[in-house]
Each structure stands twice: as structure tokens, then as C-alpha cells.
Amino acid sequence: MKNLILLLAMALFHQTSYAIDANKLLDDYLVIKNALVNSNNEESKKAIDVFLSDLKKEAEFKEKKSLIKAVEKLSKSADLEKKRTNFKEVSTLMWQLVKNNDSVKGPLYYQYCPMKKAYWISREKEIKNPYYGSSMLNCGKVVETKKL
């Protein structure tokens with residue numbers, strides 16, 4: 001009986017200790033997205049560094065290597081326009097991570113900019129385009145929604 005309890009405890013610990021915190025990663029991503037919406041290069045740099053650090057600490061998951069590579073590329077972007085260009089891949093990979101993840105509660109909106117042919121994730125239905133900032137803030141549309 002003692003061994004059974006020990007095995008169950010180990011199994012439970014193993015399961016929870018390796019679960020990724022997709023909500024934390026999504027929150028980190030959204031800070032970057034909002035900094036790009038606000039055209040704040042300095043804030044986006046700080047947020048990218050936090051996101052990359054948190055991402056590297058996570059347990060393995062399907063998109064992890066690709067996401068790290070995309071975020072590292074994003075972190076090397078010096079100016080805002082390069083960051084916006086490199087944000088495309090990060091957004092696509094993040095959507096793959098969160099859209100079917102039951103631990104991530106919606107609503108989440110997967111939005112699309114036809115001018116840049118690029119997607120991003122938002123908690124708000126209202127369009128605030130990270131690829132153009134204030135020059136075309138409302139350019140885009142919701143293409144997919146993750147419900148509660």
C-alpha cells in the first residue's frame with residue numbers, strides 16, 4: 001500500500017511539474033503585442049526578453065524549439081519595423097500553442113492584417129493592429145475565436 005501511494009504521488013508530481021504554463025506565455029506574448037500596438041520599441045525589447053526567458057524555462061512541448069527560434073530572431077530585431085516583421089511567426093506559433101489548450105481560457109481572438117498578411121492574438125475583439133500601430137490601428141479582422 002505504501003508503494004502504491006508513493007507511485008501515485010510520483011505520477012502526480014511528474015504530471016504537474018512538466019505541464020507548461022501556456023497562460024504565462026500568452027500573457028508574455030500579449031505584453032509584446034501591446035508594446036508593438038503602442039509603437040514602443042523599448043518596452044517591446046523588455047517584453048521580448050521576459051518572454052524568451054520564461055519560454056526557455058518551460059518543459060518541452062511541440063512548438064517549443066520553433067517558438068524559441070522565432071523569439072530569438074525577434075529579440076535580435078533592433079528597430080520597430082523589424083520587430084513587427086518578425087512578430088508574424090511568433091504569433092502563428094503562439095496560436096498553435098493556445099487555441100486547443102484547455103488550460104488557456106478564452107475568449108481569445110486570432111486577428112488578421114490583410115495589408116501585412118499577418119496574424120496576431122488578442123483578448124479583445126476590437127482590432128488594434130501591432131503591425132502598423134497608430135498609422136493603421138484598426139486595420140484587420142477577427143478570423144478565429146477561442147471560446148471560454
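Any idea which residue in the stretch 59-89 is farthest from Ala19 (Cα to Cα), counting only those that are under 13 Å from the mean Cα position of the chain (by Cα) and charged (D, E, K, R)? Looking at the filtered set, the residue picked out is Lys88.
Anything in the stretch 54-92 that is under 19 Å from Val143 (Cβ atoms) and buried (at least 20 other Cβ atoms within 10 Å of the Cβ)? List them, or say none. Residues satisfying the conditions are Arg84, Phe87, Val90, Ser91. Summed over the stretch 23-33, residues that are closer than 15 Å to Ser75 by Cα and either without any contact (Cβ under 8 Å) to a residue 12 or more places away in the chain or crowded, with 20+ Cβ neighbours inside 10 Å (or both) total 4.
Checking each residue in the stretch 43-79 for being hydrophobic (A, V, I, L, M, F, W, C) and modelled with pLDDT of 95 or more picks out Ala47, Ile48, Val50, Phe51, Leu52, Leu55, Leu67, Ile68, Ala70, Val71, Leu74.
The values are calculated or read from the model by the stated rules, or taken from the named source; none is laboratory data. Nothing here was measured: the structure is a model prediction, and the numbers come from that model. Positions of Cβ are generated from backbone atoms using ideal geometry, with glycine treated the same way; all protein chains shown enter the neighbour counts.
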